[in-house]
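Each remark here refers to the structure printed beneath this line.
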Amino acid sequence: MISAWLTALAVASALAGSDISKIEGGVTVFLPSLNEWKAVQKLPFGLRPGDRIKLKPLSLAEVYFRDGTWIRVSRDAAITVLKDDERGAVVKLESGRLEASVKRLDD
C-alpha cells in the first residue's frame, strides 16, 4: 500500500508543469486542494495552477517552468500561479520583487 502511494506521489510530481527548485529562508505554499499552507522543505516542490507562494522577509525562491522560463521572487514576495500548461504559464505578483528569464516563443 505504501509503495502504491509513493508511486502516485512521484507521478503527480512528474506531471507538475513548474517546480520550486531553489529556496533561501522561509518559503510557504498555499495548496488549494488541501486548503492549507505548507512549508517548502524538500526540493523540487511541484506547483499547480492556484498555488500561492509566500516568502518571509529576506527570503528567495526560484521557480522553473516546463518551457525553460524561470522566475526568482525575493524579499517578502507573494505570487500565485494562475495558469501552467503546454502553451505557457501566467503568474500574478501580489507583492515583493520578481526577476524573470522568459523563453522566446517560436511563433
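The values are calculated or read from the model by the stated rules, or taken from the named source; none is laboratory data. Quantities reported herein were computed from a predicted structural model and do not represent experimental measurements. Cβ sites come from the backbone with ideal geometry, for glycine too, and all protein chains shown count toward neighbours. For accessibility, only protein heavy atoms count, side chains too; no ligands or nucleic acids. Shrake-Rupley method; radii C 1.70, N 1.55, O 1.52, S 1.80 Å.
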Once amide hydrogens are built 1.01 Å from N within the peptide plane, the residues lying 5 or more places from ARG75 or on another chain with amide H under 5 Å from its amide H are LEU58, SER59
Enumerate the amide H contacts of SER95 below 5 Å, restricted to partners 5 or more residues apart or on another chain; note that Pro and chain-start residues carry no placed amide H. ALA78
Taking the full set of protein chains and a 1.4 angstrom probe, give the accessible area of VAL90 in square angstrom, rounded to the nearest 10. 60
With a cap of 13 neighbouring Cβ atoms within 10 Å, and only residues DSSP puts in a loop, list the GluC sites (Glu not before Pro) found in the range 44-107. GLU86
If the cut-off is a Cα-Cα distance under 27 Å, which lysines reach LYS38, setting aside same-chain residues fewer than 8 apart in sequence? LYS22, LYS54, LYS56, LYS83, LYS92
Whole-Hz Karplus ³J(HN,Hα) for the range 54-62, in order, using 6.51 cos²θ - 1.76 cosθ + 1.60 and θ = phi - 60°, x for Gly and Pro? 10, 10, 7, x, 6, 10, 8, 9, 10
Karplus-derived 3J(HN,Hα), 6.51/-1.76/1.60, for each residue of the range 69-80, Hz, glycine and proline x: 5, 9, 10, 10, 10, 9, 6, 9, 6, 9, 9, 10
Cα gyration tensor shape for the range 11-82, rounded if a/c is under 1.5, else prolate or oblate: oblate
In whole Hz and in residue order, list the ³J(HN,Hα) couplings for the range 28-42 that follow from phi through the Karplus curve 6.51 cos²θ - 1.76 cosθ + 1.60, θ = phi - 60°; x for Gly and Pro. 10, 10, 8, 9, x, 5, 9, 6, 7, 8, 10, 6, 7, 10, 10
